[in-house]
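*Asks:* Here it is: the structure, laid out below.
The values are calculated or read from the model by the stated rules, or taken from the named source; none is laboratory data. None of the values given here were measured: they were computed from a predicted structure. Backbone-built Cβ (ideal geometry, glycine too); neighbour counts: all protein chains shown.
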Amino acid sequence: MKEKITAFIHNLLIYDYILFASAFALFILFIILAVLLRRKLGLALFFLLFGFATLVLGPTIGYIEMHKYLFKNSTQVLSQKKLNFVEAIVVKGKITNESKFNFKKCKVTASVFKTSTNKLKNYVYKLKPLKKMSIFEYDIPKGETKEFKIIVEPFSYARDYNLSLKASCK
C-alpha cells in the first residue's frame, strides 16, 4: 500500500498540484464563511458541508476528469478470434494518442462480457466482465497510432459475448 501511494505521488503533474491546492483553498474559504455566518445556523451548516464536499469530491472528480482530458486516447478492435484448441481469444487492436503529450506508458485492458437482449442485463454484465486481461504499451508519441495484440486466457465461455478495449495512459 505504501508503494502505491508513493508511486501515485511520484507521478503527479503540476496540474494535479494546482487542482489540489485550489480545492484546499476553496475548503478554507467555505469554512471561513461558515464561521463568519455562525449566527445564521442554516447558512453556516450549508457552507460547512459544501466546504467538506469540495475538499473530498473536488480533487477526486477533478483528477479523473482532468486526466481524461490531458491523456485522451482512443482504442479500436481490429480483429478478434476465439481459438478452438486452446481456451483463449486473440484480440488485435490499435491505440491512438489524441492528446498534446507523448505517452510514456499505457495500460490497455480487454474486457469480455456476456450479451443479452435485455438492456438492463447488458448494463449489469458490463460491470462484471467474464474475463479481463491487460498489457502495457510504451512510448506512443502524440498523434501516433500503435497496434497491439492481447491474448485473453483462459476463456471457455460458449455463448455470445462482447469484447471492449480501454486504455489508461500517462
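*Asks:* Restricting attention to the range 32-69, and to residues there that are within 29 Å of Ile9 (Cα to Cα) and aromatic (Phe, Trp, Tyr), which single residue is modelled with the lowest pLDDT?
*Replies:* That would be Tyr69.
*Asks:* Now for a separate question. Test Lys119 against the criterion of being over 22 Å from the mean Cα position of the chain (by Cα), modelled with pLDDT under 85 and surrounded by 14 or more Cβ atoms within 10 Å (Cβ to Cβ), and give yes or no.
*Replies:* Criteria not met by Lys119.
*Asks:* Failed condition for Ser99, given (1) out of contact with any helix residue (DSSP H, G or I) (no Cβ under 8 Å at 6 or more places or on another chain); (2) closer than 22 Å to Asp139 by Cβ; (3) not β-branched (Val, Ile, Thr), with all others met?
*Replies:* That leaves (1) as the condition not met.
*Asks:* Take the residues of the range 71-90 that are aliphatic (A, V, I, L, M) and either touching a Lys or Arg at 6+ places or on another chain (Cβ under 7 Å) or in the same structural domain as Tyr15 (by TED's automatic domain parsing) (or both): which is nearest to Arg159 (Cα to Cα)?
*Replies:* The qualifying residue nearest to Arg159 (Cα to Cα) is Ile89.
*Asks:* While we're looking at this one, here's another question. Take the residues in the range 132-161 that are among the aromatic types (Phe, Trp, Tyr) and at pLDDT 85 or above; name whichever of them is surrounded by the most Cβ atoms within 10 Å (Cβ to Cβ).
*Replies:* Phe148
*Asks:* Can I ask one more? Examine the range 105-118 for a residue that is under 30 Å from Tyr15 (Cβ atoms), touching an Asp or Glu at 6+ places or on another chain (Cβ under 6 Å) and not aliphatic (A, V, I, L, M), and state whether such a residue exists.
*Replies:* yes
*Asks:* I'm trying to understand the selection: among the residues of the range 133-170, which are farther than 19 Å from Lys72 by Cβ, β-branched (Val, Ile, Thr) and either part of a loop (DSSP other than H, G, I, E, B) or touching a Phe, Trp or Tyr at 6+ places or on another chain (Cβ under 7 Å) (or both)?
*Replies:* Result: Ile135, single match.
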